[in-house]
Amino acid sequence: MKNTKNGFSLIEVLISLSILMFVSMALMSLIGNQNKEVKAIDEKTSIQGLQTTITNMLSSSNFCKCLLGSNTFNYENKKWNTFPSSIPSSFDASCAPQGSPTVAVGVKSGGFQATSISMDNITELVTGTGGFTANLVIALDQTQLTRARKNISIPISFTVDL
């Protein structure tokens, strides 16, 4: 008798569908992980770009004067009594902020959100001269990030009138 079987059995179809399902699940997991990696790299690049931008802006004494000039520095405890909650992209000649802020507390930009802007490690270079070094610290909201990141810390030098 001649075998006239021309198709697949139900078992063969189910087995091939099961294999296809497992391969599809593995592929979806791989794509999900790759998307998370791309987002993490994008966040890191944005944070590094912000750090570079702010470093370049702070290299201008006029920018620093406008950013910090209206805030009060307490010489006794080496702390700012007030400090800006945003860093504008530029200032005009009268120190009025121009354009949208480069970074602002509570505003999400570039895939991250700042929770505070402050200065720490304030050290006077020579006692009584009013010249200081410090770190401008932008604290990041870790819950908004794909991966935990260090806060942005930018070295800065400034002078206050005594």
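No value in this document is a laboratory result; all are computed from the given coordinates. All values derive from a computational prediction rather than experimental measurement. A quick note on method: Cβ atoms are made from the backbone with ideal geometry, for glycine too, and the neighbour counts reach across all protein chains shown.
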Exercise for review: Would you please name the chymotrypsin sites (Phe, Trp or Tyr not before Pro) within segment 1-95 that are DSSP coil residues with at most 15 other C-beta atoms within 10 Å of their C-beta?
Suggested key: PHE8, TYR75
Point to revise | Residue-by-residue Karplus 3J(HN,Hα) for segment 112-129, coefficients 6.51, -1.76, 1.60, Hz, glycine and proline x | key: 9, 9, 7, 9, 6, 10, 8, 10, 9, 6, 6, 10, 7, 5, 10, 3, x, 8
Point to revise | Per DSSP, loop GluC sites (Glu not before Pro) in segment 21-78 with at most 14 further Cβ within 10 Å | key: GLU76
Check your understanding: What are the aspartates and glutamates whose alpha-carbon lies under 17 Å from the alpha-carbon of LYS39, with same-chain residues fewer than 8 places away excluded?
Key -> ASP141
Practice item. Could you give me the percent of Cα pairs per 5 Å distance bin for the chain, shortest bin first, beginning at zero and ending with the bin that holds the maximum distance? Key: 1, 7, 13, 15, 13, 10, 7, 5, 4, 3, 3, 3, 3, 3, 2, 2, 2, 1, 1, 1, 0, 0, 0
Point to revise | Net length gained if the chain between LEU14 and ALA148 were fully extended (0.36 nm per residue, minus Cα distance) | key: 43.9 nm
Point to revise | Estimated inter-spin distance, ALA96 and THR129, nm [label 7 Å along Cα→Cβ] | key: 3.7
Review point. For segment 135-145, in order, what is each residue's ³J(HN,Hα) by Karplus, 6.51 cos²θ - 1.76 cosθ + 1.60 with θ = phi - 60°, in whole Hz (x at glycine and Pro)?
Key: 10, 7, 10, 10, 7, 9, 6, 5, 6, 8, 9
Practice item. Would you give the gap between the C-alpha center of segment 131-162 and the C-alpha center of segment 9-76, rounded to a whole Å? Key: 20
Review point. How much length, in nm to one decimal, is gained on full extension between SER85 and SER61, taken as 0.36 nm per residue of separation minus their Cα-Cα distance?
Key: 6.7 nm
Review point. How much net charge surrounds ASN121 when only other residues with a Cβ under 12 Å from its Cβ are counted (Lys, Arg +1; Asp, Glu -1)?
Key: 0
